[in-house]
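**Q** Quick one: this structure, given as structure tokens, is what I'll be asking you about.
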Amino acid sequence: METIIHSVDFEDYDNAVNLAVKYLKNSELVAIPSETVYGLGANAYDDAAVNKIFEVKNRPNHNPLIIHIHKNQLKYVVSIPEEQQKLVNDIIEAFCPGPLTLILPKTEQISDLVSAGLDTVAVRIPAHPVLRKIIKQLGAPVAAPSANKFQSISPTSAQAVFEELGGDIPLIIDDGACNNGVESTIISFDFSGAKPIINMLRPGPVSIKELQAFAPVRKTFLKAAKEEQKVQAPGQFKVHYSPKTPLRLIHKFEDFQPEEGKRYGLLSYKGDDKKSYTELHDWKSIEVLSPSRGKLSEASVRLYFLLRKLDAAGLDEIIAEPVSETDIGVAIMDRLRKASINY
């Protein structure tokens with residue numbers, strides 16, 4: 001299959017949107033940019049197209065998909081009990097459109113294929129203008145997990161999509177690098193107690209601190225699922241976001257004991273810093289998430305790009321430094337842990 005890469009005209013999105021919608025209406029898959037990572041999109045109401053997502057990604061069908069919608073489509077895809085509506089609506093008002101996915105009771109319009117047989121569906125209202133226009137013109141939600149093979153590194157550029165899925169899908173819409181660099185925060189709700197609790201199933205750009213303004217947050221992402229288990233949302237398996245080259249997350253200098261003859265690469269947080277591992281070993285390759293500054297927002301944008309660079313560097317092993325576990329740093333560490341062979 002030939003894969004076309006169509007670049008977005010920054011002053012006029014119409015050609016890119018029209019082309020993407022044409023393919024989606026014909027039950028084809030389209031790699032679409034978002035503010036988080038590039039997604040592998042299909043018409044969420046078209047099971048034949050949705051099934052192609054699982055086939056192309058080699059994704060197990062018990063791993064549910066996120067559907068991307070406009071806010072005015074919410075009532076058609078979810079059915080929220082009246083007593084739960086205030087908290088859900090308050091959170092949507094605060095963070096949507098944006099990089100937040102909510103697990104909510106689904107309507108009959110959402111097939112079991114999309115929801116992996118669950119009675120809930122993962123819903124996101126994206127902020128990316130091209131994706132929003134595609135959803136509006138298609139007139140249907142777009143099911144779109146990350147545009148890569150199952151458990152590998154998520155793509156944050158059209159080129160990264162092509163390197164992984166070129167020849168497997170017909171169209172990639174290229175709108176440059178993604179703004180956030182890691183996937184959306186995923187939450188569900190527990191209304192069983194006296195007061196509601198927010199379950200954070202996957203950390204992302206919307207932080208624990210931001211969500212705590214609305215209700216207590218339970219960090220359910222800390223307990224990884226086994227591959228054969230059913231999960232509520234993407235990113236819950238123990239192994240995920242992984243380069244082909246083995247990666248180890250090292251918290252202390254003394255934990256790194258290099259083997260003679262092995263080629264090691266380093267993913268450093270700040271690079272030129274007293275806590276950095278740059279002088280610890282004669283590294284074959286060093287990549288720095290946030291050179292000298294330690295900005296977590298910069299580190300999140302660069303994370304997957306640099307992991308791909310190290311994966312292509314001919315290494316025997318990648319060693320990763322930890323980052324500060326605050327705000328989006330929680331999401332970065334979640335991705336590094338799930339990519340690491342020692343977790």
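The values are calculated or read from the model by the stated rules, or taken from the named source; none is laboratory data. All figures in this text were calculated on a predicted structure; none of them were measured in a lab. Using ideal geometry, Cβ is built from the backbone for each residue, glycine included, and neighbour counts are taken over all protein chains shown.
**Q** How about the stretch 257-286: which of its residues are among the aliphatic types (A, V, I, L, M) and within 29 Å of the chain's Cα centre (by Cα)? Break it down into steps so the answer makes sense when it comes.
**A** Narrowing the stretch 257-286 to residues among the aliphatic types (A, V, I, L, M): 266-267, 280, 286.
Within the stretch 257-286, LEU266, LEU267, ILE286 meet the criteria.
**Q** Now, a different point. Can you tell me how many residues within the stretch 124-153 are part of a strand (DSSP E or B) and either surrounded by fewer than 24 Cβ atoms within 10 Å (Cβ to Cβ) or at positive phi (or both)?
**A** Narrowing the stretch 124-153 to residues part of a strand (DSSP E or B): 124, 142-143, 146, 152.
Next, only the ones that are either surrounded by fewer than 24 Cβ atoms within 10 Å (Cβ to Cβ) or at positive phi (or both) stay: 152.
Final tally of qualifying residues: 1.
**Q** Within the stretch 283-290, can one find any residue that is at pLDDT 95 or above, in a loop (DSSP other than H, G, I, E, B), under 19 Å from GLU325 (Cβ atoms) and among the hydrophobic types (A, V, I, L, M, F, W, C)?
**A** Yes, some residue in the stretch 283-290 is at pLDDT 95 or above, in a loop (DSSP other than H, G, I, E, B), under 19 Å from GLU325 (Cβ atoms) and among the hydrophobic types (A, V, I, L, M, F, W, C).
**Q** Of the conditions (1) within 14 Å of the chain's Cα centre (by Cα); (2) modelled with pLDDT of 95 or more, GLN151 clears all except one; give me its number.
**A** Failing condition for GLN151: (2).
**Q** Now a separate question. How do the strands (runs of 3 or more DSSP E) wholly within the stretch 160-256 filter down when requiring 1 or more residues that are without any contact (Cβ under 8 Å) to a residue 40 or more places away in the chain and either more than 17 Å from the chain's Cα centre (by Cα) or assigned by TED's automatic domain parsing to the domain that holds LEU266 (or both): which remain?
**A** Numbers: elements: 171-174, 185-190, 197-202, 247-249.
Qualifying strands (runs of 3 or more DSSP E): 185-190, 197-202.
**Q** Take the stretch 318-341 and flag every residue that is assigned to a loop (DSSP other than H, G, I, E, B) and charged (D, E, K, R).
**A** Residues satisfying the conditions are GLU321, GLU325, ASP327.
**Q** From the list PHE162, PHE189, exactly one residue is of a type in the set (Phe, Trp, Tyr), over 26 Å from GLU82 (Cα atoms) and crowded, with 16+ Cβ neighbours inside 10 Å. Which is it?
**A** Selected residue: PHE162, the only one of PHE162, PHE189 that is of a type in the set (Phe, Trp, Tyr), over 26 Å from GLU82 (Cα atoms) and crowded, with 16+ Cβ neighbours inside 10 Å.
**Q** Within the stretch 293-338, which residues are farther than 21 Å from LYS252 by Cβ, basic (Lys, Arg) and under 16 Å from the mean Cα position of the chain (by Cα)?
**A** Those that are farther than 21 Å from LYS252 by Cβ, basic (Lys, Arg) and under 16 Å from the mean Cα position of the chain (by Cα): ARG302, ARG308.
**Q** Here's something else I'd like to know. Which ones in the stretch 294-323 are free of Cβ contacts under 8 Å to residues at least 40 places away in the same chain and not charged (D, E, K, R)?
**A** GLY294, LEU296, SER297, ALA299, LEU306, ALA312
**Q** Kindly check whether there is at least one residue in the stretch 220-232 that is more than 30 Å from GLU11 (Cβ to Cβ), of a type in the set (Lys, Arg) and modelled with pLDDT of 95 or more.
**A** Within the stretch 220-232, none of the residues are more than 30 Å from GLU11 (Cβ to Cβ), of a type in the set (Lys, Arg) and modelled with pLDDT of 95 or more.
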